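Step one of this worksheet: look at the structure below.
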Amino acid sequence: MLVSTDFVLRPYVPGDAPALVAAIVESTPTLAPWMPWATAQFSMSDALAWIASCEKGLADATCFEFAIFDRTSGVFVGGCGLNQINGLHGFCNLSYWVRQSWQRKGAASAAIRALTDYAWTELDVQRLEIVVAVGNDASLNTARKAGAFDEGIARKRLKLGRQWVDAHMLSLVKP
């Protein structure tokens with residue numbers, strides 16, 4: 001479990017599935033353009049499959065995905081993770097999303113800080129990459145505010161649905 005002033009991050013458990021579904025369905029307008037799987041049809045079986053893959057990734061140490069909760073109320077706020085770990089070259093991807101009703105309340109920034117601390121102390125990585133589709137200004141601004149360095153735009157770096165799109169490549173490096 002990772003704790004910040006206002007938020008708690010912990011590995012997903014099957015009991016999180018209903019809250020995950022509710023958050024995704026609520027947030028389709030803001031998430032779907034950047035996360036095509038985040039649709040109004042996201043179901044309990046989708047959530048349970050995601051959680052099972054997170055549990056397997058944690059057990060195998062191939063990815064570290066966390067649910068984000070408000071520390072005071074316990075409300076499910078979103079998700080974040082360290083994934084696509086490249087042990088040979090010492091880097092991984094850092095990702096985050098926040099449900100629509102909790103956006104602009106510091107959850108993503110807190111998640112970035114907590115995941116960065118976790119990566120530097122628990123993983124053998126020197127670099128975290130945040131890849132943000134061009135046009136996703138909210139996520140880009142969040143990464144920049146968290147201190148990520150914008151290295152530029154990588155052409156056709158992300159696949160959103162069936163379309164390859166350009167993306168900002170941002171990084172945090174171990175001090």
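Things worth noting here:
- On full extension, the segment bounded by Trp120 and Leu160 gains 11.4 nm, given 0.36 nm per residue less the C-alpha separation.
- CD proxy at 222 nm, helix term only [per DSSP H run n ≥ 4: -39500 (n - 2.57); per residue of the chain; nearest 500]: -9500 deg cm²/dmol
- Largest GNM mean-square fluctuation across Asn83, Asn141, Asn93, computed for the chain with C-alpha springs under 10 Å, falls on Asn141.
- Placing a label point 7 Å from the Cα of Lys56 along the Cα-to-Cβ line, the residues of the stretch 71-94 whose backbone N sits under 17 Å from it are 83-85.
- A full extension of the chain between Ser73 and Ala138 corresponds to an added length of 20.9 nm, given 0.36 nm per residue minus the alpha carbon distance.
- The amide H of Ser4, built 1.01 Å from its N in the peptide plane, has Leu9 as neighbours under 5 Å, considering only residues 5 or more places off or on other chains.
- Here the Karplus relation 6.51 cos²θ - 1.76 cosθ + 1.60, evaluated at θ = phi - 60°, turns the backbone of the stretch 3-16 into coupling constants of 10, 10, 4, 10, 9, 10, 10, 8, x, 4, 10, x, x, 7 Hz, with x for every Gly and Pro.
- Considering only Asp70, Asp150, Asp60, the Gaussian network model of the chain with Cα springs below 10 Å gives its largest mean-square fluctuation to Asp60.
- Between Ser27 and Gln100, the built amide H atoms are under 5 Å apart, and every one of these is 5 or more places off in sequence or on another chain.
- Sorted by Cβ neighbour density within 10 Å, fewest at the top, the residues Ile153, Ile24, Ile130, Ile85: Ile153, Ile85, Ile130, Ile24
- Computed from phi, the 3J(HN,Hα) profile of the stretch 160-168 under the Karplus parametrisation 6.51, -1.76, 1.60 (θ = phi - 60°) reads 10, x, 9, 10, 7, 10, 6, 8, 6 Hz, with x in place of Gly and Pro.
- 3J(HN,Hα) couplings calculated from phi for the stretch 68-76 with the Karplus curve 6.51 cos²θ - 1.76 cosθ + 1.60 (θ = phi - 60°) are, in sequence order, 10, 10, 5, 5, 7, 8, x, 5, 5 Hz; Gly and Pro show x.
- Max mean-square fluctuation residue, GNM over the chain, Cα-Cα springs under 10 Å, options Ser109, Ser139, Ser53: Ser53
Readers should treat all values here as calculations from the given coordinates under stated rules, not as data from a laboratory. As the structure is a prediction and not an experimental result, all values here were calculated from the model. Positions of Cβ are backbone-derived with ideal geometry, glycine not excepted, and every protein chain shown enters the neighbour counts.
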